[in-house]
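To start, the structure under review is shown below, and the notes come after it.
The values are calculated or read from the model by the stated rules, or taken from the named source; none is laboratory data. All values derive from a computational prediction rather than experimental measurement. Cβ coordinates were reconstructed from backbone atoms using ideal geometry, including for glycine residues, and neighbour counts include every protein chain displayed.
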Amino acid sequence: MSALLSVQGLSVSFTTYGRTAEVLKGVSLEVPQGAQVALVGESGSGKSVTMKAIMGLLQQPPARIHGGKIMFDGRDLLTLPERERVALRGTAMSMVFQDPMSSLNPVWTIEDQLTTILKYADRRLGRDRDRRGRRARVIEVLAQVRMRDPERVAGSYPIMLSGGMRQRVLIAMALLSEPRLLIADEPGTALDVTTQAQILKLLRDLVEAQGLALLMITHNLGVVRETSNYVYVMNKGEIVEEGPTAGLFEAPRQQYTRDLIAAVPRLTGRVAP
Amino acid sequence: MEFLGFLARRLAWSVLVLVGLSVVIFVIARVVPGDPARMALGPRASLEQVTELQEKLGLNLPLYQQYGRFVGGLARGELGQSLLTERSVNLDIRTTFPATLELVITTVIIAFLFGVPLGVAAARWKDRWPDNLVRAFAIVAAVMPTFFIALLLQVLAGYVLQILPTTGRLPTGTDFQADITGLLIVDGLLKGQFHVVFEAMRHLLLPALALSLATMGQMARITRASMIDVSRQDYIEAARAFGVPDRVRLFKYQLRPAFVPPLTIMGLEFASLIGGAFVVELIFSWPGMAAYGIRAITQKDLNAIMGVVMVSGLFFVLVNLLIDVLVGWVDPRIRIRGRRA
């Protein structure tokens, strides 16, 4: 079976102030239909650039993609005209943003922001939905992300919501137009551990219930264990190890992976006095 | 309810500001050297005449009593006699203030209508030619003195091209009484005399344009900086990731959060515009309050100075009250934080 998303030999470099840095050196990874895949690595390993390249959000220049393919549903995104590329955003693939504090527009209500996104997604898909239909869908999705009072949340400005609620709004935003692939950029890292655990559980439940493919991008192997069946480990712009999540935790082959595993905080063992 | 509380707090502050202003201008007007009575009567007046006028004006009283008289007058809305025009300052201001008001409001409208879009364009095409053009314009507009721009426009449009009038508010001999608001455009509209409205606009165009260029450049620069600042926010990237079109992103997602700094600066600009208007008023023979105020200052016409300053101060405070309300409307964060405070 061919994968829903398949990145093949992706190479990206950045040129700033006359210096060129190779940021991705032939990255390959696959996300099959309905699978939960994680891409893990430390800061600066290139995982965010990979994600942005997939979403088509790299600013070019300074970035330059000079090799590889990004196949989505049998089409190479890199050769797709910009128009068709934009058409996929939020509809075929969408993103759960990382920082709930800064990823929502502070001057518009949640409803306003979600209906705006929905309006243009509908337009691209040629779907006919009126204002009331959009509002109903927004309320429905807010309920899906387990908001207790979706009506009230819809009428709120981001500043009136807690971090956890805002993060759930970001998930709702990603689900609005029923995408097939969800790319999650370390959701919840900005939140406290308990709230993050809730967010991850919610995300996993939603992905499983709706049969979505998930690409989880994170630096935290604890998150990987929670949310994925297959892992790619990335370091310095290359995939250094890959495998099923359980196997990787039991028998990491690379020293780098072992270091990452060692860096996961544990709740067992000796507690410092 | 919350809004009313906010308004009440702001109003209380405004009153405080005006009280402070009255003290400051009172002291300054009396510390500056020169005897108003002597200046009004001229060098040939006798000492007796000068003393008599001083007593009539209350200048021989202790300062606190003079201040008491001044504030008492203010409370009754009485600004006293002008030494220069020998009429009541109230009347002088009533005839000159609307002219300045109309000029300044038109100026701000022009500055805003062009400055903000220029700033948006500069931010949208940052480091490309529209940006460079706008930045160059802003610098030129800032460094060119208003009087130079005023003369330039007067010569170009008034004498070379002869398309616009260069003096006054209406053609001489126009039979029109602006006795409702004093603003010719408004009164013309209210009375249905559209030729007056048209002429008033024609007369306003050059002086308002001359006065607006510096503010326009300022607006453009601030809008540009604010837009660029907002464009780096995650929520703009998020909107892009969800395929919200460029146009919607630029105006809805970017301009509104970026709108607070230009709005605030505009409120502050009113003060410098009223001050700066005198150059334009002199050059275009505009019968306004700024020119009246300057004449009062050079002649040490105490009542007129204090009247002009208090009226300008009141106007400035009211405008900024309005701006505060607008800012709260544009950016709910400010509204909501105010509620919590």
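Matching residues to (1) modelled with pLDDT under 85; (2) in contact with a His (Cβ under 9 Å, 6 or more places away or on another chain):
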position: B:G276; (1), (2): yes, no
position: B:V279; (1), (2): no, no
position: B:F284; (1), (2): no, yes
position: B:A304; (1), (2): no, no
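Take the conditions surrounded by 19 or more Cβ atoms within 10 Å (Cβ to Cβ), away from chain A (no Cβ under 13 Å), without any contact (Cβ under 8 Å) to a residue 24 or more places away in the chain and not basic (K, R) and apply them to B:G293. Does it pass?
Yes: the conditions hold for B:G293.
Tell me which residues, restricted to the range B:153-185, are touching a residue at least 24 places away in the same chain (Cβ under 8 Å) and either more than 21 Å from B:T95 (Cα to Cα) or hydrophobic (A, V, I, L, M, F, W, C) (or both). Before the answer, list the steps.
Quick first cut of the range B:153-185, residues touching a residue at least 24 places away in the same chain (Cβ under 8 Å) only: B:153-154, B:157-158, B:164-171, B:174, B:178, B:181-185.
Of everything in the range B:153-185, those that are touching a residue at least 24 places away in the same chain (Cβ under 8 Å) and either more than 21 Å from B:T95 (Cα to Cα) or hydrophobic (A, V, I, L, M, F, W, C) (or both) turn out to be B:L153, B:Q154, B:A157, B:G158, B:L164, B:P165, B:L170, B:A178, B:L183, B:L184, B:I185.
Here is a check on your reading of the model: is B:R256 within 14 Å of chain A (Cβ to nearest Cβ), surrounded by fewer than 17 Cβ atoms within 10 Å (Cβ to Cβ) and closer than 25 Å to B:L322 by Cα?
On the way: within 14 Å of chain A (Cβ to nearest Cβ): yes; surrounded by fewer than 17 Cβ atoms within 10 Å (Cβ to Cβ): yes; closer than 25 Å to B:L322 by Cα: yes.
Yes: the conditions hold for B:R256.
Has the range A:29-47 got any residue that is farther than 21 Å from A:N235 by Cβ and of a type in the set (S, T, Y)? Reasoning before the result, please.
Narrowing the range A:29-47 to residues farther than 21 Å from A:N235 by Cβ: A:32-36.
Next, only the ones that are of a type in the set (S, T, Y) stay: none.
No, there is no match, as no residue in the range A:29-47 is farther than 21 Å from A:N235 by Cβ and of a type in the set (S, T, Y).
Hey, does the range B:228-237 have a residue that's more than 14 Å from every other protein chain (Cβ to nearest Cβ) and surrounded by 23 or more Cβ atoms within 10 Å (Cβ to Cβ)?
no
Is the range A:162-174 home to any residue that is in contact with a Gly (Cβ under 8 Å, 6 or more places away or on another chain) and β-branched (V, I, T)?
No - not one qualifying residue is present in the range A:162-174.
With respect to the numbered conditions (1) over 30 Å from A:R89 (Cα atoms); (2) in contact with a Lys or Arg (Cβ under 6 Å, 6 or more places away or on another chain), which one is the sole condition not fulfilled by B:G243?
(1)
Yes/no matrix, rows are residues, columns are (1) in a helix (DSSP H, G or I); (2) farther than 22 Å from B:L18 by Cα:
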site: B:P257; (1), (2): yes, yes
site: B:P261; (1), (2): yes, yes
site: B:T264; (1), (2): yes, no
site: B:F270; (1), (2): yes, no
site: B:I274; (1), (2): yes, no
site: B:A277; (1), (2): yes, no
site: B:S285; (1), (2): no, yes
site: B:A290; (1), (2): yes, no
site: B:G307; (1), (2): yes, no
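Out of the residues in the range A:118-164 meeting the condition of being β-branched (V, I, T) and closer than 17 Å to A:N105 by Cα, tell me which one is nearest to the other protein chains (Cβ to nearest Cβ). Break it down into steps so the answer makes sense when it comes.
Here is the first cut: in the range A:118-164, the residues β-branched (V, I, T) are A:138-139, A:141, A:145, A:153, A:159.
Okay, now just the ones that are also closer than 17 Å to A:N105 by Cα, so A:138, A:153, A:159.
Working: A:V138: 13, A:V153: 15, A:I159: 5 Å.
Looking at residues that are β-branched (V, I, T) and closer than 17 Å to A:N105 by Cα, I get A:I159.
Conditions (1) within 23 Å of B:R256 (Cα to Cα); (2) of a type in the set (D, E); (3) touching a residue at least 12 places away in the same chain (Cβ under 8 Å), marked per residue:
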{"residue": "A:P106", "(1), (2), (3)": "yes, no, yes"}
{"residue": "A:I110", "(1), (2), (3)": "yes, no, yes"}
{"residue": "A:D130", "(1), (2), (3)": "no, yes, no"}
{"residue": "A:V141", "(1), (2), (3)": "no, no, yes"}
{"residue": "A:R146", "(1), (2), (3)": "no, no, yes"}
{"residue": "A:Y157", "(1), (2), (3)": "yes, no, yes"}
{"residue": "A:I171", "(1), (2), (3)": "no, no, yes"}
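What are the residues in the range A:101-117 that are facing another protein chain (nearest Cβ under 7 Å), surrounded by fewer than 24 Cβ atoms within 10 Å (Cβ to Cβ) and either in contact with a strand residue (DSSP E or B) (Cβ under 8 Å, 6 or more places away or on another chain) or hydroxyl-bearing (S, T, Y) (or both), if any?
A:S102, A:T116
Anything in the range B:29-46 that is loosely packed, with under 10 Cβ neighbours inside 10 Å and among the aliphatic types (A, V, I, L, M)? List them, or say none.
Once the filter is applied, which keeps residues that are loosely packed, with under 10 Cβ neighbours inside 10 Å and among the aliphatic types (A, V, I, L, M), the range B:29-46 yields only B:V31.
So how many residues does the range A:11-44 have that are closer than 22 Å to A:L181 by Cβ and either free of Cβ contacts under 8 Å to residues at least 12 places away in the same chain or under 16 Å from the mean Cα position of the chain (by Cα) (or both)?
Going through the range A:11-44 one residue at a time, the tally reaches 13.
Quick grid of which residues meet (1) modelled with pLDDT of 85 or more; (2) β-branched (V, I, T):
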position: A:A174; (1), (2): yes, no
position: A:D185; (1), (2): yes, no
position: A:A190; (1), (2): no, no
position: A:T218; (1), (2): yes, yes
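If I ask for residues that are over 16 Å from A:S94 (Cβ atoms) and either touching a Pro at 6+ places or on another chain (Cβ under 6 Å) or crowded, with 19+ Cβ neighbours inside 10 Å (or both), which ones from the range A:1-34 would you list?
A:A3, A:V7, A:L10, A:V12, A:F14, A:T15, A:T16, A:V23, A:L24, A:V27, A:L29
Conditions: (1) within 14 Å of chain A (Cβ to nearest Cβ); (2) more than 16 Å from the chain's Cα centre (by Cα). B:S285 meets all but one. Number of the miss?
(1)
Output the residue which, of all residues in the range B:221-254 that are of a type outside the set (A, V, I, L, M, F, W, C) and part of a loop (DSSP other than H, G, I, E, B), is nearest to B:V120 (Cα to Cα).
For the range B:221-254, the residue satisfying everything is B:R232.
What is the residue count in the range A:59-100 for residues that are in a strand (DSSP E or B), more than 12 Å from chain B (Cβ to nearest Cβ) and either closer than 16 Å to A:L215 by Cβ or modelled with pLDDT under 80 (or both)?
The qualifying residues number 3.
Only residues that are among the β-branched types (V, I, T) and under 21 Å from the mean Cα position of the chain (by Cα): list them for the range A:83-114, please. Walk me through how you get there before you give the answer.
Just the residues of the range A:83-114 that are among the β-branched types (V, I, T), to begin with: A:86, A:91, A:96, A:107, A:109-110.
Across the range A:83-114, the qualifying residues are A:V86, A:T91, A:V96, A:I110.
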